[in-house]
1. Has region 271-284 got any residue that is open to solvent by 20 Å² or more (accessible area, probe 1.4 Å), part of a strand (DSSP E or B) and at pLDDT below 95?
2. Of the residues that sit in region 121-142 and are touching a residue at least 60 places away in the same chain (Cβ under 8 Å) and of a type in the set (A, V, I, L, M), which one is surrounded by the most Cβ atoms within 10 Å (Cβ to Cβ)?
3. Six or more apart or on different chains, Cβ under 8 Å: which pairs go from a residue in region 274-285 that's in contact (Cβ under 8 Å) with a residue 60 or more places away in the chain to one that's open to solvent by 80 Å² or more (accessible area, probe 1.4 Å)? Could you list them?
4. Go through region 156-178 and count every residue that is free of Cβ contacts under 8 Å to residues at least 40 places away in the same chain and open to solvent by 40 Å² or more (accessible area, probe 1.4 Å).
5. Within region 227-247, how many residues are open to solvent by 20 Å² or more (accessible area, probe 1.4 Å) and among the hydroxyl-bearing types (S, T, Y)?
6. When you look at L204, is it surrounded by 20 or more Cβ atoms within 10 Å (Cβ to Cβ) and either on the phi > 0 side of the Ramachandran plot or part of a loop (DSSP other than H, G, I, E, B) (or both), yes or no?
7. Filter region 207-226 down to residues that are of a type outside the set (A, V, I, L, M, F, W, C) and open to solvent by less than 20 Å² (accessible area, probe 1.4 Å), then give me how many there are.
8. Which members of region 117-158 meet the condition of being in contact with a Pro (Cβ under 6 Å, 6 or more places away or on another chain), in a helix (DSSP H, G or I) and closer than 21 Å to G262 by Cα?
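The values are calculated or read from the model by the stated rules, or taken from the named source; none is laboratory data. Keep in mind that what you see is a predicted model, and the values were worked out from it rather than measured. Backbone-built Cβ (ideal geometry, glycine too); neighbour counts: all protein chains shown. For accessibility, only protein heavy atoms count, side chains too; no ligands or nucleic acids. Shrake-Rupley method; radii C 1.70, N 1.55, O 1.52, S 1.80 Å.
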Amino acid sequence: MTRQIYVNGAFVAESDAVIPVMDRGFLFGDGIYEVTAMIDGHLIDNDLHLARFERSLRELGIPMPLPLDGIRKVQIELVRRNQMTDGTIYLEVTRGAAERNFLPEKDLKPNFVAFTQPKKLYGTARQEAGIAVALSPDPRWERRDIKTVMLLGQVMAKQAAHAAGFDDVWLFQDGLITEGASNTAFILTRDGTIRTRPNSHDILPGCTRKAVMQLIASEGLALEERAFSVAEAKDAAEAFLTSASSFVTPVVRIADQVIGDGRPGLMTRKLQAIYLEAARACETV
């Protein structure tokens, strides 16, 4: 079956999906994106993702291409047309197309593209066995809280980590972990406290991060929003990351340091289980 892509109001075959060469997302990275996961026909944390989608556009001064309800309808129609039950739905909005100029013209019409990517998202080898993450200085700009399409820093960091034999990479600045190249970093301290960096311009406000933190609170577990150092990460009892497409994934090695006994810990296993349970309670398409 030919994949159907949404482009500016129309659902078209992937081979017919095009945007203008003068699109500012292509020329300047002047746009934002969002990704919602789906398992067993459930859209996971979609309200959180759509709220962040709207916020990112507002921070860049790009108008919404559709009301939020209209965007949700696009997501659902894409799922239906592509007969997807497990995978991700990708949304991207750019400021629009105009002759190349750093200063955008006023009242540009945004370009809005969306597509599905079928994928197994739970019970993966990484979630079962855990992963090793490299460490890299954070190369990104100062507004990391906006989910922009400017991802070259993350691409380069992930490429270098993969070439060195790692599964992923955590970034650091001034000796403190900021976040993963495409995920939120968590550790469990030796006294049993779950710790993650607080939201600011330094990190993306992760939707899966927020959902997991709500579950942590509901379980009465100790949680602290505080930046932690590279040394603290390496000394952690457990470590894990969260993202829309990886859920809760154990981290069993950070750079050259094995975490715990090198296997996913009990706390991480607990959070994996309760997050998956919550995900299966999300809206059904």
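1. Here is the first cut: in region 271-284, the ones open to solvent by 20 Å² or more (accessible area, probe 1.4 Å) are 272-274, 276-278, 280-284.
Then drop every residue that is not part of a strand (DSSP E or B), which leaves 284.
Then drop every residue that is not at pLDDT below 95, which leaves 284.
Yes, there is a match, as at least one residue in region 271-284 is open to solvent by 20 Å² or more (accessible area, probe 1.4 Å), part of a strand (DSSP E or B) and at pLDDT below 95.
2. The qualifying residue surrounded by the most Cβ atoms within 10 Å (Cβ to Cβ) is V133.
3. Listed by first residue and then by second, the contacts come to V285/R80.
4. Summing the residues that are free of Cβ contacts under 8 Å to residues at least 40 places away in the same chain and open to solvent by 40 Å² or more (accessible area, probe 1.4 Å) in region 156-178 gives 10.
5. 3
6. Values: surrounded by 20 or more Cβ atoms within 10 Å (Cβ to Cβ): yes; either on the phi > 0 side of the Ramachandran plot or part of a loop (DSSP other than H, G, I, E, B) (or both): yes.
Taking the combined requirement at face value, the residue satisfies it.
7. Narrowing region 207-226 to residues of a type outside the set (A, V, I, L, M, F, W, C): 208-210, 214, 218-220, 224-226.
Remaining after also requiring open to solvent by less than 20 Å² (accessible area, probe 1.4 Å): 208-209.
Looking only at that region, the number is 2.
8. Those that are in contact with a Pro (Cβ under 6 Å, 6 or more places away or on another chain), in a helix (DSSP H, G or I) and closer than 21 Å to G262 by Cα: none in region 117-158.
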